[in-house]
Amino acid sequence: MAAPMDGVGKHPAELPPVNSTSFQKKTRSRLISIPGTRPSVQNGQLLVSTGVTSLDYLLGGGLAVGTVLLIEEDRYDSYSRMILKYFLAEGVVCQHKLFVASAQDNPEDILQELPSPILDDVAIPKVVEQPRLPCEPQDRLDAMKIAWRYQNLPKVQSALASSSRFGHYYDVSKTMEPEIRQAAKCHRFYLPDHPTQSSNTHSPMLESYSALLKSLEEVIHREGFDVVAPMPKSRNILRVGLHSLGSALWGDDLSCHDNPRHRHALTTFLYGLRALLRSSLSVAVVTVPSHLIQDRALMGSITRLCDNAIALESFKGSERETNPLYKDYHGLLHVHQVPHLNSLANQLPDHKDLAFKLKRKQFSIEVCWKPCIFMILVVLLLLRLFFFFFFFFFFFYWTKRKFKPQELWSKYHCNIS
């Protein structure tokens, strides 16, 4: 007996839909839209700005979320500290949340030194005195003036967030306004406020680093920066600034001895930091006094544990400070490592000879012409001039000997006669 057919006797509209092909339309994955971020044009990675546009260009467009930028400090920790303040100031302008840790200076002092943003395309409202009517009482005018001032506070923040540019410019000669700085949510970790106790366990990580990593982990989980956590309505970025790790103030002896006792303390901390950032919407900038660390192999391990690594070499106190060839610069910048995320090769900068200079208002990075390259160009120019004059005199001498006007005139005169 034949099996009954389900589609026999039914109206065509009542038949179930049949897929005529196995191919499906490919839809573009929805990217996370967070103010102050943009996707990379190379690999689609979410990027944030360091606050220095020239440094963003060197790093392939900006700092990828979930990565670590290592800054090897200059001898006086002036320019590396400035880049860290640029990074934090960019977070304040983009309304990102901050996490600042230090063992030397109070994080509040670092925040008070943030440079003032230069916002040409943003109009910040100013207080305008209204004309007073004779029938209005003074108390009502004062109440209206106070209410208007409170109404302007969120307008400043909305004006800052309305800037559509990726990365902003800052004036280092001025500090950020207190209203803008206090509106940003910042988590602080000051090591003297977190007393550590010596543990009997033989852990490779110091107690100071362990307390710092634990505090950062609590902030990431509590504030919802963890990727595995349920996605809230609005996502945000956590900017982490760690100042002068590896110094003696953190209890580390890397910069004090040739054979330190806590040799693997900082590398163990960086392992934990990278694992924590990889699974969260966070990005970190770490400064290390590399000029005090004598073990170059250990410094190489620290560099390889970070995704980005740059070194600042200041001219202060060196012979290059008075060298006229370096009169336009304040130091050299060395790019030791750039990330290669979601790609087989990394994005290397076009030039390796880089220098930085601090203008009256801005910090910039430019291509530096070293003395050796300058001398080579001068020698090539002199050789070119030498060959030019040599061929010129040779041609003049040869034409003068071959072309003798007196002999031609005597032959012509004899023919006439």
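Some notes on this structure:
- Each Lys and Arg adds +1 at its Cβ and each Asp and Glu adds -1 at its Cβ; summed about the Cα centre, region 245-357 shows a dipole of about 240 debye.
- Packing rank of 169-178, 278-287, where each peptide gets the mean count of other beta carbons within 10 Å, highest leading: 278-287, 169-178
- Here the simple spin-label model places points 7 Å from the Cα toward Cβ, and for residue 337 and residue 185 these points are separated by 3.2 nm.
- Residue separation of residue 353 and residue 38 scaled by 0.36 nm, minus their Cα-Cα distance, works out to 110.6 nm of gained length.
- FRET E, pair residue 379, residue 323, Förster distance 30 Å, beta-carbon r, rounded to 0.05: 0.95
- Added length on full extension, which subtracts the Cα-Cα distance from 0.36 nm per residue, residue 75 to residue 296: 77.9 nm
Values in this text are rule-based calculations from the coordinates and carry no lab data. Just so it is clear, the model here is predicted, and its values are computed rather than measured. Glycine also receives a Cβ, built like all others from the backbone with ideal geometry; neighbour counts cover every protein chain displayed.
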